[in-house]
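Asks: Sharing a structure below in structure tokens format, with a few things to ask.
The values are calculated or read from the model by the stated rules, or taken from the named source; none is laboratory data. Please read these numbers as outputs of a predicted model, since none were measured by experiment. Glycine also receives a Cβ, built like all others from the backbone with ideal geometry; neighbour counts cover every protein chain displayed. Please note that ligands, DNA and RNA were not included when accessible areas were found on the heavy atoms of the full protein model with its side chains. Shrake-Rupley method; radii C 1.70, N 1.55, O 1.52, S 1.80 Å.
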Amino acid sequence: MKIAITLILYVLGFLWGCRRLTGRGAKLQRLWFGCILAWCAYVNICGITETPHFSIATLYTAIFQPAGRVIIEWLGG
């Protein structure tokens, strides 16, 4: 039930936002707006169902943290 309500609210937010985006370049802005809302819905639903998901924090912990540790060791820390 939570997932259905979440999706309905995201769809309503998308429809409201698309109406607000007018003028030159509105189609591209609507596309980006839809992509951002789809990503937010994905992360939100993964949080509700407690399933692992890919996010910016995943990229940080997979690449930048180990690289930082290597640099710190290399500098003698």
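Asks: Name, by its number, the condition in (1) among the hydroxyl-bearing types (S, T, Y); (2) open to solvent by 80 Å² or more (accessible area, probe 1.4 Å); (3) within 12 Å of the chain's Cα centre (by Cα) that does not hold for T22.
Replies: So the condition that T22 fails would be (3).
Asks: Starting from segment 18-39, keep only residues that are within 24 Å of L7 (Cβ to Cβ) and without any contact (Cβ under 8 Å) to a residue 40 or more places away in the chain, then list their pairs with residues that are surrounded by 12 or more Cβ atoms within 10 Å (Cβ to Cβ) and among the hydroxyl-bearing types (S, T, Y) whose Cβ atoms are within a distance under 7 Å, requiring at least 6 positions of separation or different chains.
Replies: Matching pairs, first to second residue: L37/Y10.
Asks: Working only within segment 30-52, note down all residues that are open to solvent by 70 Å² or more (accessible area, probe 1.4 Å) and in contact with a helix residue (DSSP H, G or I) (Cβ under 9 Å, 6 or more places away or on another chain).
Replies: R30, P52
Asks: Working only within segment 25-77, note down all residues that are under 30 Å from V11 (Cβ atoms) and over 14 Å from the mean Cα position of the chain (by Cα).
Replies: First, pick out the residues of segment 25-77 that are under 30 Å from V11 (Cβ atoms): 25-59.
Residues satisfying the conditions are G25, A26, K27, L28, Q29, R30, L31, I48, T49, E50, T51.
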